[in-house]
1. Go through the range 1-46 residue by residue and tally those that are buried (at least 17 other Cβ atoms within 10 Å of the Cβ) and at pLDDT 95 or above.
2. Of (1) touching a Gly at 6+ places or on another chain (Cβ under 9 Å); (2) surrounded by fewer than 17 Cβ atoms within 10 Å (Cβ to Cβ); (3) of a type in the set (D, E, K, R), ASP114 satisfies all except one. Which?
3. Only one residue in SER102, SER55 is at pLDDT 95 or above, under 18 Å from ASN181 (Cα atoms) and not in a loop (DSSP other than H, G, I, E, B), so which one is that?
4. Which count do you get for residues in the range 34-67 that are in contact with a helix residue (DSSP H, G or I) (Cβ under 9 Å, 6 or more places away or on another chain) and among the charged types (D, E, K, R)?
Amino acid sequence: MLVQRICFVVAAGVALLGMSVSARAGVVYDFEGASEATGLTSLSMTESGITLTLSRESGDKFGISDKSGIFNFPASWDSRTLDPFEDMDVNQEPTWLIGNFSVGVSNVRIEMGDFAPSDSDTLRLEAWSGLGATGSMLDSSSTTLSAPTSGPAEFNFTSVFVAGTAIRSIRFIGGSTAYPNSLYYDNIAVNVVPLPPAALLGLGLLGGLGLLGAARRRRASIRA
């Protein structure tokens, strides 16, 4: 009977841990909880227990813009978006944005866009093993956002993606040669690094035995 109880509690513990991991499998930072602001040098956002802290090279500033009611602004971006235009560094060395994660993540996707008419922009994203874009570069990716140079004002965007495990930071930028950091950024999506089955089972066993011990102590206190 005792063995059956232990097995039941361990299974329950593993199931609960599995639900916790799967619930955090996909995390999106959409900036909707951030206040509209300018002159930022750091911004932290926490989703599902994982904190993303944004900054910019050389201490340059950035902001959070509210695009509520702007014509043709995409519904998937809602209203708040990351805005680098305060320190755009026209015809100068571009300063990238840096994102640090409180835990290692796997796979990162960022949507980048701008209003047309506009010039052609290059979108770049890097994944690093250490905080502050240090350590080993795990992956890098780039793509082009081509927008009409004339015509009605439309918002064009696309996404750039990097893969890897235990990504602790990202480095990203989007723009043209003349305007090297001149895009809006939104919907930073990451995956949580899953626990290996053996570790998950071990945690479930410890949790299950802890629950069983607590139940025994409660029964003993009632009998006393």
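1. Adding up the residues that qualify gives 8.
2. Here ASP114 clears every test but (2).
3. The match here is SER55.
4. 4
The values are calculated or read from the model by the stated rules, or taken from the named source; none is laboratory data. Everything numeric here is computed off the predicted structure, so don't read it as measured data. Quick reminder, even Gly has a Cβ in these numbers, built from the backbone with ideal geometry, and neighbours come from all protein chains shown.
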